[in-house]
1. Quick check: convex hull over the Cα atoms of segment 84-160, volume per residue in Å³, rounded to an integer?
2. First select every other residue whose beta carbon is under 9 angstrom from the beta carbon of Val4; then total the charges, Lys and Arg +1, Asp and Glu -1.
3. Roughly how many nanometres apart are two label points built 7 Å out from the Cα toward the Cβ at Phe62 and Asp114?
4. With n ≥ 4 as the cut-off for DSSP H runs, can you work out [θ] at 222 nm for the chain, using -39500 (n - 2.57) per run divided by the number of residues, rounded to the nearest 500?
5. Could you pull out every residue, at least 5 positions away or on a different chain, whose amide H is within less than 5 Å of the one on Arg124? Hs are placed 1.01 Å off N in the peptide plane, and Pro or chain starts have none.
6. I'd like to know how segment 1-62 sits against the 2.2 N^0.38 Å rule of thumb: what's its Cα Rg over that expected value?
7. Karplus couplings for segment 30-45 from phi (6.51 cos²θ - 1.76 cosθ + 1.60, θ = phi - 60°), rounded to Hz, Gly and Pro as x?
8. At 10 °C and 1.306 mPa s, what whole-number value in µm²/s does Stokes-Einstein give for the translational diffusion of the chain, with Rh from the Kirkwood sum over Cα pairs?
Amino acid sequence: MAQVVFLRGVNVGGHRKFQPSVLVKELAHLDAVNVGAAGTFVIRAAITPAKLRDEFLKRLPFDPEVMICRGRELLDLAAEEPFANAEHPETKRYMTVMAKRPKVLPELPLLKPDGDDWQVQVIRVIGPFALSLHRRMGKRLIYPNEIVEKHFGVAATTRNWNTVEAICTILDGSA
């Protein structure tokens with residue numbers, strides 16, 4: 001089964017910039033597919049996670065945190081329809097991939113800030129994935145990734161649920 005690679009903190013605010021289209025050409029031997037500009041890749045060739053990590057690290061001019069999960073994990077997650085009972089018209093859905101499982105989970109749902117004016121609501125944790133809703137409220141924009149990293153105590157990287165759906169479409173086509 002394919003694997004999915006998430007790079008943390010790349011192509012954000014002019015820092016740790018690279019061209020995913022160039023990288024995916026260099027990874028053609030792994031049957032790599034780029035998904036967006038945030039450092040998300042589907043790898044359809046058989047390779048161990050350790051070797052896959054090395055393939056990325058030797059091709060980038062910086063050392064990003066590389067998070068790898070099995071494609072089946074994302075397909076199973078999407079099949080659960082984790083946002084089915086949690087969506088609101090003014091919210092966006094996000095999935096955060098955690099580098100490792102947190103030692104202790106905070107009580108869920110986790111709302112930041114607390115109360116009716118929340119911007120981020122972490123609703124579920126399934127395996128290495130924290131699922132959250134986000135809405136724009138107030139002057140300071142809070143992003144789900146900062147909430148997960150702070151309250152779960154692990155490095156993480158966040159993608160819009162639309163990206164997860166795109167990944168699943170690629171994975172379904174390669175099954």
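Where a number appears in this text, it was derived from the coordinates with a stated rule and is not lab data. Note that the coordinates shown come from a computational prediction; the quantities given were computed from them, not determined experimentally. Quick reminder, even Gly has a Cβ in these numbers, built from the backbone with ideal geometry, and neighbours come from all protein chains shown.
1. Numbers: hull volume 6.8 nm³, N = 77.
With only Cα atoms used, segment 84-160 gives 88 Å³ per residue.
2. Working: positive: Arg70; negative: Glu73.
In short, 0.
3. Those two pseudo-labels are separated by 3.6 nm.
4. On the way: 5 runs with 48 residues, N = 175.
Roughly -8000 deg cm²/dmol at 222 nm, from the helical runs in the chain.
5. Leu131
6. Values: Rg = 11.0 Å, N = 62, 2.2 N^0.38 = 10.6 Å.
Taking N as the residue count of segment 1-62, the ratio is 1.04.
7. Once rounded to whole Hz, the list reads 9, 6, 7, 10, 7, 10, x, 9, 8, x, 10, 9, 9, 10, 9, 7.
8. The Stokes-Einstein estimate is 95 µm²/s.
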